[in-house]
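Since the structure comes first, as C-alpha cells, the remarks are kept for the end.
The values are calculated or read from the model by the stated rules, or taken from the named source; none is laboratory data. Only a predicted model underlies this, so the values are computations on that prediction, with no experimental measurement involved. Cβ coordinates were reconstructed from backbone atoms using ideal geometry, including for glycine residues, and neighbour counts include every protein chain displayed. Areas reflect the complete protein model, heavy atoms only, side chains present, ligands, DNA and RNA absent. Shrake-Rupley method; radii C 1.70, N 1.55, O 1.52, S 1.80 Å.
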Amino acid sequence: MSSGFSGVLQLTDLDDFITPSQECIKPVVIEKTASGTGSKIKIQNDGSYVQVNEGGDTEKLRRVDISLSDCLACSGCITSAESVLITQQSQDEMLKVFQNNKQLRECGKEKESKLIVVSISIQPVLSLAARYKLEPHDAFQRLSGYLKSIGADVVLDMTLSEDLSLLESETEFLERFRSKSGGSKTCLPMFTSSCPGWVCYAEKTHGSFILPYISSTKSPQQIQGTLVKQLIAKNRSYQAANVYHVTVEPCYDKKLEASRNDFYNEQEDSRDVDCVITSIELEQMLMSQNLSLSDIPPAEVDFPWLEGSSSTEPCSYKGTLVRHRGTGSGGYADHVMAVAAYELFGESSAQLNFKVLRNPDLREAILEKDGQVVLRFAVANGFRNIQNLMQKLKRGKCPYDFVEIMACPSGCLNGGAQVRPEEGVQQKELTTQLEKCYEELPIHTPKSNPLVQEIYANFLGGMGSDRISTSLHTAYHAVEKMNTALNIKW
Amino acid sequence: MLFEPYHLTYVLRLIEFPKHDIPFADCKQPKLQLVQVLSGHRGRVWNVSWHPGGNILASCGEDKTIRLWGTEGGPEGKWVVKTSLTDGHERTIREVAWSPCGNYLASASFDATTAIWDKKSGTWECNATLEGHENEIKSVSWAKSGQLLATCSRDKTVWVWEIAEEDEYECAAVVNAHVQDVKKVVWHPTDEILVSASYDNSIKMFRNDPADDDWSCIATLTSHTSTVWSIAFDRTGTRLASVSDDGTLKIWRVYLPGNGEGIGLPDDIDPRWKCVCTIVGLHSRSIYDVAWCHQTDLIATACGDDVVRIFQECPDSDPHQPSFNLVASSSGVNGHHQDVNAVAWHPTIPGLLASASDDGDVKLWKFLEGEL
Amino acid sequence: MLLSFLQKSKSLIGIGEQQTSPLSSSVSGLSVPNDLQSNSSNMSSSSMDRQSTDQSDHKQFQELIYDYIRSIKDPEKPATLEDLHVVYEEGVKVKGVTPGNVKMVEIEFNPTVPHCSLATLIGLCIRVQLERTVALSNPFKLDIYIKKGAHNTEDEINKQINDKERIAAAMENPNLRKIVEECIQEED
C-alpha cells in the first residue's frame, strides 16, 4: 500500500504505471499562433521540442500541462504521476508558498504577502497522535505549533464546517423523504458525498444514473474552503486570491476534490482550498527535518469565527478537540437518522443501533414503528460494499433510505494517506486504536454550536436564502466515456 | 529459452530413451488417440469444461455461444450438441465452469460480465449476471463448497463472489494484488484458497481473513519470465502446475510451516510454495492451458504450436525434485490445426481428455498407456 | 536451437508429432550443438537439400507477407506504413517451423517516434491484416516486435501485441475495430 489514494480510486481509475506524457489520453486545447504550413518540429538534445518555421526560425514549443482537474474531467485514468501531483497539491508546493511569504515579509513587502490559513480535520490529528504517542489534544496543539513555525498565519479546526455539512445533509434528507412520501419522484436512498473517492468513482463509472442519489451537500473540506475564502478573508480584509488555504486530510482523494472546477472561483481566480496535505506527508516533513511532533512547542488553535460579529455567546467547544456521534468518517448516518426519527416519526429517544451485516464495513440500523420498518440506514465502507450497493440499486433491490459511503475500508480514520503502522503492527490494529481514540473524545452536537446560527443568520443571509445552496451545496457531473479510438487502452 | 543444468540432464535422459533398441512397431508406446472431433463453433474455441458427473461437456468461444455436448444412445455413444446457449453475452465467452454440484454453469465473457446458468425451469437459462469488472473477464472458478465464485479480468483485479441467496450473488472481495491483466483463477481442491495467474508473470494465492472478512494475498510465486496463462492443482492440492508464455511448464510444491526440509517460511502461518521442476524446450510456443488429472495424475498442456502434450511423473521421481516425461502428444493429421487454447480431463473416465482450439474444433482424446 | 533438435529426437522415439509428413522434420538453418549432434545419427544428407528449398520457400513467404502489410495505412497520417518506413522488407523473417511444420514468422517494425503512443495500434493492424489474408490459406505463427531501441516501452508493447487474448478482445471493441478496419482497408 504505497499510494495515498483510497482503494476505490486505485481500483478503478488510478493508473500508477503511466506518466501523463506517455499515455495520457486527455485531449488538450492548444492556443495556436498563426503559423504557415511547412513548419517542422524538431527534438533538441535536451529533449525539448522546437518548431522550425519555413524561414528557419525556431520557436520553443510550450509543454502542455495536465492538471488534476483535467484528470477529473477525463474518462481515462487518474494518474498519481508525481509530475501532476507536485505541480499543485504537494508539500513542496505548499512550502514554496510559505517560503515566498516569509521572504516578502522579511523584505517589508507585507502587503504583497498572503494570509496563510491551515484547516486541520480530525483524522490526521489522531493518526499523528498515535504515531508520536501523544494525547490527541496535545498532538493537535503541537501540530498547530509546527504549522505556525513554518509559516501558517491561522490554524483552524473544522468542527464548524462538519456541523454545517451534517445540518445540510439532514435538511436535504428530510426534504427528499417528505417529497418521496408525497409521491414525487425524488431519489432515495440518499448517498453521502463527503468522500471524494466515492464521488469520483460514481461520476466515472455509473454516471448520470447514480448522481441524483448523491447528496448535494458539500464536504466539510469544501465548506471550510468557502468560509475561509469568503468569511475569514473578508474579516481580515484580504482578497480571496490572497488567502492561501491549506487543509490537512487523511486521504489523497481530498486533493482531487480540492481540484474540482466546482470549487474554483473564476472571478476571484481563487480555489476554496489551494492545497491539501495529508497525515503521511506531515510525517515526512517532520522526518526530513529530524523532528518529532513531541519536540514541537504547542500553540493555540485559532478561533476567528466571531471576528466582525456582534455575537457574544460563548462557544463551549472552543479550544478543544471534539467528535460527532457515530463513525469516525463524520457520523452522517447517525446524525441524520436521529434527526429523521424525531422529525418524521416523533421518536426522540430511538435506540439507533448500527448492526454489522455481511462484513464489519457494512452496518445497518432500522427504526420500527408499529412493527413496520420505517427507516433503514446503512454505513458502507470500501469498494466491495459500494459495488454491491450499486448492483442492488440497479436491480431495484436497495432497501435503504440513506447510506453513508466511504471508499476506504473502516472509513476515514483508515484513510489512504494516514500514517502507516509501525513495523510488525497490522493496519487493522492501528485502525482499531484510532477508532478507540476517536470514541474517547467529547461528543459535540451541531445544534449546540452557537456559531452555526451565527453563520446561517449573517454570513448566509438567513434560513432559506439562496446563498445556502450556493455556499453549502455543489453539483456532480457524469464523465462521458471518450471514444477516440487512437487513445483506447487495450 | 532458459536452460538450467538440472533440466538439461532431464532432457538428455529423455533423448537417450531410443538407445534401448526397441523397434517402434513392437513397442506399444503410450499414445493419445483421437476419439472424436466436435465441430460446430464458428471461430476460435476458447475453453471446455466437463460437468462433474461427466455426462456433459461445455464449450465456449468467439461465437459468443456456449455449447453443451452429450452422448447419444448411452454413455458409450457419440458426442453431439444437446443445447446451444446463445443469448447470454455480447462478446467472446472466454471460459465456462461448472459448479461442484453440477446445477450451475458460470460463463466469463469479454463483455465484462459473468453469467450464471441453470436448468431450474427445465431448460438452461441465465438467471444471474455478475457485473462489476471494468473490462474483459478472463476466467471464472467455483470453490469446492459451491458457495464462492472467483473471477478475474484485464482490470487487474480478482473478485470473490458469495452466494447470498437464490440467484443473488454478492461481491465478497475485490483483490487488487496483481499489477497487470489477470489471466486465470483456480480454487484449491480442498481448502478455501484461491490462486490467480497473471500477465505480470506471477502467481498469487489468497485466503480469507476472518478478522475483517476480506481476502488477502498469502503467497506470490515468481519464476516464470512471461505471462502465466494457466494453473492446475494436483489431486492432493500439495502441488501446482503452471504454464506460461515463456514456453515452460513448472511444478510447484507446498512446504508447510515446520516442514522437515528446512525451507524457510515468510511467517509462521502461511505455507510456502517452491518451484521444484521446470520443463523447458518441449513446447515451441506459448502454453495456454494445463490440466492435472485427479485420477491418473497425468498432466496435459495446450500449446500455441497446435499440440496437446501429456506428461507423466517418473516412477522413481524425488518428491523435492520430481521429473516428468513427455509421454504422448497429439500429432499429425489428427491434431489441431491452430493454437490449442484449453485442455480438460474427464472427471470419471481415466485418460479421456477434451481440447479446444483456434481451428474451431473441440477434440476428444483417449490416453493409452504404453506397454513394454 | 536445442528445440528443433528435440523435435527430431522425439520423432525418433515415436512420441513426436511428425511421423505423417516427410517434410515435417525440416530444420531451417538451425545449428545443433556439437556435443548433442553425436546423439542424432539420423541427420541425413537429404535434410541439407531440404534446407535450401526451405530457404527459397521461406523467402517467397516473406515476400507474400510483406506485400500484405506494406499498404497498411498509418493510423494518424495519410501514408502507408511502407512510406513511413515503419515496415520494411528485411523486417519480415521466417524464423522456423513448429512441430506441425507451421511457419513461425517474425515481423519487426519501427515506430516513427520513440514515444509513439500508436505503436500498439500499428501492431494490431499488422496482425489483423495478416490473419484475414495470408493466414486464411496458409496458417502460420506470428510474432511482432518493435525494432530494438526504437521505443521507450518496447518490452511492454511487444508483450501486448503478441498476446492473442488481448488482441481478440481489442478487436471486439467497436471503436478500436473501426480504426483498424480503416487502416487495413484496400485502396480502390
Inset, instruction - Tally the residues that are open to solvent by 20 Å² or more (accessible area, probe 1.4 Å) and closer than 30 Å to A:HIS473 by Cβ, restricting the search to region A:143-162. - result: 2
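To keep it simple, each residue is scored yes or no on (1) part of a strand (DSSP E or B); (2) within 28 Å of B:VAL185 (Cα to Cα); (3) basic (Lys, Arg).
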{"site": "B:GLN33", "(1), (2), (3)": "yes, no, no"}
{"site": "B:THR83", "(1), (2), (3)": "yes, yes, no"}
{"site": "B:GLY88", "(1), (2), (3)": "no, yes, no"}
{"site": "B:ALA97", "(1), (2), (3)": "yes, yes, no"}
{"site": "B:CYS101", "(1), (2), (3)": "no, yes, no"}
Legend entry - Criterion (modelled with pLDDT of 50 or more, under 17 Å from the mean Cα position of the chain (by Cα) and exposed (fewer than 14 other Cβ atoms within 10 Å of the Cβ)) met by exactly one of C:ASP67, C:ASP49: C:ASP67
Legend entry - Number of positions in region B:197-244 that are within 14 Å of chain A (Cβ to nearest Cβ) and not in a strand (DSSP E or B): 6
Inset, instruction - Being part of a helix (DSSP H, G or I), more than 7 Å from every other protein chain (Cβ to nearest Cβ) and of a type outside the set (Lys, Arg) is the filter here, so list the residues in region C:166-188 that pass it. - result: C:ILE167, C:PRO174, C:VAL180, C:GLU181, C:GLU182, C:CYS183, C:ILE184
Inset, instruction - Could you tell me which of the residues B:LYS156, B:LYS144, B:LYS183, B:LYS138 is at the interface with chain A (Cβ under 10 Å from one of its Cβ atoms) and either in a loop (DSSP other than H, G, I, E, B) or open to solvent by less than 10 Å² (accessible area, probe 1.4 Å) (or both)? - result: B:LYS156
Legend entry - Failed item in (1) within 13 Å of another protein chain (Cβ to nearest Cβ); (2) open to solvent by less than 10 Å² (accessible area, probe 1.4 Å); (3) modelled with pLDDT of 95 or more, with B:VAL290 passing the rest: (1)
Legend entry - Scope region A:436-454; condition open to solvent by less than 30 Å² (accessible area, probe 1.4 Å) and in a loop (DSSP other than H, G, I, E, B); matching residues: A:LEU441, A:HIS444, A:ASN449
Inset, instruction - Would you please name the residue that is nearest to B:ASP305 (Cα to Cα), looking only at residues in region C:140-165 that are out of contact with any helix residue (DSSP H, G or I) (no Cβ under 8 Å at 6 or more places or on another chain) and part of a strand (DSSP E or B)? - result: C:LYS141
Inset, instruction - Name, by its number, the condition in (1) modelled with pLDDT of 90 or more; (2) within 14 Å of chain B (Cβ to nearest Cβ); (3) open to solvent by less than 60 Å² (accessible area, probe 1.4 Å) that does not hold for C:VAL87. - result: (2)
Inset, instruction - Collect the residues in region A:139-167 that are among the β-branched types (Val, Ile, Thr), part of a helix (DSSP H, G or I) and over 15 Å from A:HIS335 (Cβ atoms), keeping them in residue-number order. - result: A:ILE150
Inset, instruction - Could you tell me whether any residue of region B:77-95 is in contact with a Leu (Cβ under 6 Å, 6 or more places away or on another chain), buried (at least 21 other Cβ atoms within 10 Å of the Cβ) and not hydroxyl-bearing (Ser, Thr, Tyr)? - result: no
Legend entry - Single residue of region B:313-342 satisfying the filter (among the aliphatic types (A, V, I, L, M) and open to solvent by 10 Å² or more (accessible area, probe 1.4 Å)) that is farthest from B:TRP79 (Cα to Cα): B:VAL327
Inset, instruction - Evaluate the following for C:ILE161: is it at pLDDT 90 or above, surrounded by 21 or more Cβ atoms within 10 Å (Cβ to Cβ) and away from chain A (no Cβ under 11 Å)? - result: no
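Yes or no, residue by residue, for (1) in a helix (DSSP H, G or I); (2) at pLDDT 95 or above; (3) β-branched (Val, Ile, Thr):
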{"site": "A:LYS96", "(1), (2), (3)": "yes, no, no"}
{"site": "A:LYS111", "(1), (2), (3)": "yes, no, no"}
{"site": "A:SER169", "(1), (2), (3)": "yes, yes, no"}
{"site": "A:LEU188", "(1), (2), (3)": "no, no, no"}
{"site": "A:GLY197", "(1), (2), (3)": "yes, no, no"}
{"site": "A:CYS200", "(1), (2), (3)": "yes, no, no"}
{"site": "A:GLY207", "(1), (2), (3)": "yes, no, no"}
Legend entry - Which listed residue, of A:GLN433, A:GLN418, is closer than 27 Å to A:GLY4 by Cα, of a type in the set (S, T, N, Q) and open to solvent by less than 20 Å² (accessible area, probe 1.4 Å): A:GLN418
Legend entry - Failed criterion for A:GLN427 (all others in (1) away from chain B (no Cβ under 13 Å); (2) over 20 Å from the mean Cα position of the chain (by Cα); (3) not basic (Lys, Arg) hold): (1)
